[in-house]
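Enquirer: If you scroll down you'll find the structure; I have some questions about it.
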Amino acid sequence: MAKITYNERSWAIDVISEINLILANRSWNFKAAGGESTISNEKSSLFPDVIIFKDKSREVILQGWELKMPDTPINDADFLTNAIKKAKILQRDSFLLWNAKSAVLYSKNGDSFSIFKTWDDININHRTEVKAKESLWKELLNRILEDLNYYF
C-alpha cells in the first residue's frame, strides 16, 4: 500500500482552503486566497505559497506568504530572503512568514523590511504534528487573519 505523507505543499493547500472558508463569512479588507501562481520579473520566476487578494476575482494582490514546516526556524535566512524577493517582485509593502509554529509579519520600513508583528508560538514542533494538530494552526490562522484585517 502507498504511504501518504503530509508535507509543506499539503499544508499550504489546507491553509489556502481554510482562509477561503473563513473569508466566505466575513466582510474584510481582503476577499480571497490562492497560491502557487507564478510571479516573475526579467530575472526570475518564483511561486508564493499563499497569496492574499483584495478582491474575489483575485486580480489585486495584497500580500504573499511563505510557509515552511516547523523544522525550518522562523528566522531562517533563506526563508526570509526568498520572501523579500517575492514581495519586491509583487511590489508589496508586507509579507508573512509562517512555519506552522510561529508567524511573523514583515512590513516595509524605508528600503528594507522589518518585523511588524509576531504571533506567539503554538505547540507544533515537528512536521509530523502539523496535520495531527490542525486545530492549533487553524486557531492561529484565525488570529493572523483578524490582525491582518486591521493591518490592511
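The values are calculated or read from the model by the stated rules, or taken from the named source; none is laboratory data. Remember, it's a predicted structure, so these values are computed and weren't measured experimentally. Cβ atoms come from the backbone with ideal geometry, glycine included; neighbour counts cover every protein chain shown. What goes into the accessible areas is simple: the full protein's heavy atoms, side chains included, and nothing from ligands, DNA or RNA. Shrake-Rupley method; radii C 1.70, N 1.55, O 1.52, S 1.80 Å.
Enquirer: Looking at (1) over 22 Å from LEU23 (Cβ atoms); (2) among the hydroxyl-bearing types (Ser, Thr, Tyr); (3) open to solvent by 40 Å² or more (accessible area, probe 1.4 Å), find the lone condition where THR72 falls short.
Expert: (3)
Enquirer: Restrict the check to segment 121-128 and report whether at least one residue is open to solvent by 10 Å² or more (accessible area, probe 1.4 Å), of a type in the set (A, V, I, L, M, F, W, C) and modelled with pLDDT of 95 or more.
Expert: Yes, there is a match, as at least one residue in segment 121-128 is open to solvent by 10 Å² or more (accessible area, probe 1.4 Å), of a type in the set (A, V, I, L, M, F, W, C) and modelled with pLDDT of 95 or more.
Enquirer: What residue, of PHE95, PHE79, PHE53, is farther than 20 Å from TYR150 by Cα, of a type in the set (Phe, Trp, Tyr) and either open to solvent by less than 60 Å² (accessible area, probe 1.4 Å) or in contact with a His (Cβ under 7 Å, 6 or more places away or on another chain) (or both)?
Expert: So the residue among PHE95, PHE79, PHE53 that is farther than 20 Å from TYR150 by Cα, of a type in the set (Phe, Trp, Tyr) and either open to solvent by less than 60 Å² (accessible area, probe 1.4 Å) or in contact with a His (Cβ under 7 Å, 6 or more places away or on another chain) (or both) is PHE79.
Enquirer: Of everything in segment 54-68, what is more than 13 Å from the chain's Cα centre (by Cα) and of a type in the set (Asp, Glu)? Give them in sequence order.
Expert: Correct list: ASP55, GLU59.
Enquirer: Follow-up question, since we're still on this one. Under 6 Å between Cβ atoms, which residue pairs at least 6 apart in sequence (or on different chains) link something in segment 1-22 that is under 20 Å from GLY64 (Cα atoms) and touching a residue at least 40 places away in the same chain (Cβ under 8 Å) with a partner that is part of a loop (DSSP other than H, G, I, E, B) and among the hydrophobic types (A, V, I, L, M, F, W, C)?
Expert: Close Cβ pairs satisfying both conditions: GLU8/MET69.
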